[in-house]
Amino acid sequence: MEQMTLFDDRTYTAPLASRLRPKTLDEFAGQEHLLGKGKMLRMLIERDQITSMIFWGPPGVGKTTLASIIAGRTKAEFINFSAVTSGIKEIKEVMNQAENSRRMGIRTLLFVDEIHRFNKAQQDAFLPFVERGSIILIGATTENPSFEVNAALLSRCRVFVLKALEEKDLIRVIEHALKSPAGFGPQNVRITERQIKAIAAFADGDARTVLNTLEMAVTNGELSAEGIRVTDEGLEQCISKKSLLYDKNGEEHYNLISAFHKSMRNSDPDAAIYWMLRMLEGGENPLYIARRLVRFASEDVGMADSHALLVAVASYQACHFLGMPECDVHLTHAVTYLAMAPKSNALYAACEECKQDVKELRAEPVPLQLRNAPTKLMKELEYGKGYEYAHDTQEKLTHMQCMPEGLRGREYYRPGTQGEEKEISARLEEIKKWKSS
């Protein structure tokens, strides 16, 4: 028999997050809205009345752990399935196994991690077995299941949204790790409350990150006869670079750009700068942000301050010339200008209303007085007849009808009262009054 060494002992070799994975609901941190006393998911688990469900939430909030806890309580065969390493063949094998178990009166609980990575055909393979009750499906995903899970499969699953852990939950996880025999309990780790809070803040709601960071901080601590002391210098090395949750193709991308756009629209420069820098820190292309600013300048500021478009375009050029990290201050300049500028969506409203008419109404012919007449035939057909040259008049205005006859009297641009648009509104009223006289 081969002698076991220290390095064969899982207690010492397994990562801290793995050693401290909760085994009961009482050990589970966070998700009180689902697992608090009397809450629906807790009651379903405690009563062993689990139905097919999807756990949706950011990394490190306990999706896999929760499935493991359910597996420990349910009277069903538990199969752990990964969407990363499994294909149609593996799915069919597991489904056939589950079907055989069903015929013998045994339920199968199938946990599928990262279910959003399965394509439509792979997800469809689960459907008949979920419908027949051959399996109870628990899927875990960091992506919005509305977009990433087939509608037919999603309609047969209950979606539970898991939230990022709060600071108090993360501190509880750290304190448990410091006391637990499976954690650092036997090693007498000395760490300050300020250092614990710094690790919790860095983890940004992710329990796995908080434990990995704590493990690195303790590993790099100072050894002495009394135990291990976590130093500020060692901790700073562990948390010097924050890894932000930001998927440039996922839902969080659209959440952040939405928050950014709406903060500028609400004239809140501080919030707008924060959301912009969150995106940049997460690796967003500065040119993408600059393009959004160009759009915002006309959509939400418009004629209230036409200089906004110039500032936005200039910020795009600055980003193109310099790139990151230097262009962040130029984007901050433009974001602040646009947030503080007077707001008007009159141009956007005019554009959308006119587009609707162009799509839905007949293509009106151009009035003869507005047509060009470069040939003799066109002149004989009275192209250009009745055209009035505005520069020939003292007012630089004429009574000539420019709208097609079918759209006579239609108005698209309705200026507001903010910034320069207040003057433009007055000017437009004068023009309309003159033309109607």
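The values are calculated or read from the model by the stated rules, or taken from the named source; none is laboratory data. It should be emphasised that the depicted structure is a prediction, and the values quoted were computed from it without experimental measurement. Cβ atoms come from the backbone with ideal geometry, glycine included; neighbour counts cover every protein chain shown. Heads up: the accessible areas ignore ligands, DNA and RNA and are worked out on the full protein's heavy atoms, side chains in. Shrake-Rupley method; radii C 1.70, N 1.55, O 1.52, S 1.80 Å.
Assorted remarks:
- Taking the charge dipole of segment 298-378 about its Cα centre, with +1 at Lys and Arg Cβ atoms and -1 at Asp and Glu Cβ atoms, the residue from Met378, Val311, Pro367 reaching farthest to the positive side is Met378.
- Per-residue Karplus couplings for segment 366-372, computed as 6.51 cos²θ - 1.76 cosθ + 1.60 with θ equal to phi - 60°, are listed in order as 5, x, 4, 5, 9, 7, 7 Hz, Gly and Pro entered as x.
- A 1.4 Å probe run over segment 269-428, with the rest of the protein chains in place, finds 61 Å² accessible per residue.
- Among Val61, Val358, Val189, the largest mean-square fluctuation in a Gaussian network model of the chain (Cα springs under 10 Å) belongs to Val358.
- All-pairs Cα distance distribution in the chain, expressed in whole percent, bin size 20 Å: 18, 35, 29, 13, 4, 0
- Solvent-accessible area assigned to carbon and sulfur over the chain amounts to 53 percent, based on a 1.4 Å probe.
- You can think of it this way: the chain between Lys120 and Asn266 has 48.6 nm of extra reach, that is 0.36 nm per residue less the Cα-Cα gap.
- Ranked by the mean number of other Cβ atoms within 10 Å of their residues, highest first, the peptides 166-179, 402-415 come out as 166-179, 402-415.
- Lone cysteines, the chain (no partner Cβ under 4.7 Å): Cys157, Cys238, Cys351, Cys354, Cys402
- Database remark: amide H of Met53 closer than 5 angstrom to the amide H of Leu137, Ile138, Gly139, Arg158 (H placed geometrically; neighbours at sequence offset of 5 or more, or on other chains; Pro and chain starts carry no H).
- Here the 3J(HN,Hα) profile of segment 27-38, calculated from phi with Karplus coefficients 6.51, -1.76 and 1.60 at θ = phi - 60°, is 7, 6, 9, x, 6, 4, 5, 10, 10, x, 4, x Hz, Gly and Pro shown as x.
- Counting only alpha carbon atoms, the long axis of helix 328-340 and the longest principal axis of the chain meet at about 60°.
- Average Cα contact separation per residue, the chain, under 8 Å, 6 or more apart, as relative contact order %: 11
- Difference of contour (0.36 nm per residue) and Cα-Cα distance, Tyr254 to Glu233: 3.9 nm
- Inter-site label distance for Tyr274 and Glu193 at 7 Å from Cα along Cβ, in nm: 2.5
- Each of the peptides 121-127, 252-258, 38-44 was scored by the mean count of other Cβ atoms within 10 Å over its residues; in descending order, highest first, they stand as 121-127, 252-258, 38-44.
- Restraint check, Lys37/Lys63; Lys23/Lys168; Lys355/Lys385, Cα-Cα greater than 22 Å: Lys355/Lys385
- In terms of the mean number of neighbouring beta-carbon atoms within 10 Å, the peptides 223-236, 331-344, 192-205 order highest first as 331-344, 192-205, 223-236.
- Helix 88-103 axis versus longest C-alpha principal axis of the chain: approximately 60°, rounded to the nearest ten.
- Qualifying trypsin sites (Lys or Arg not before Pro) for segment 53-141 [loop in DSSP, other Cβ within 10 Å: at most 14]: Lys75
- Rg/Rh for segment 344-409 (Cα atoms only, Rh after Kirkwood) is 1.07.
- Segment 356-387: trypsin sites (Lys or Arg not before Pro) in DSSP coil with no more than 10 other Cβ atoms inside 10 Å: Arg362
- Phi angles across segment 131-143 convert, under the Karplus curve 6.51 cos²θ - 1.76 cosθ + 1.60 with θ = phi - 60°, into 3J(HN,Hα) values of 5, 7, x, 5, 10, 9, 8, 10, x, 10, 8, 8, 9 Hz, Gly and Pro given as x.
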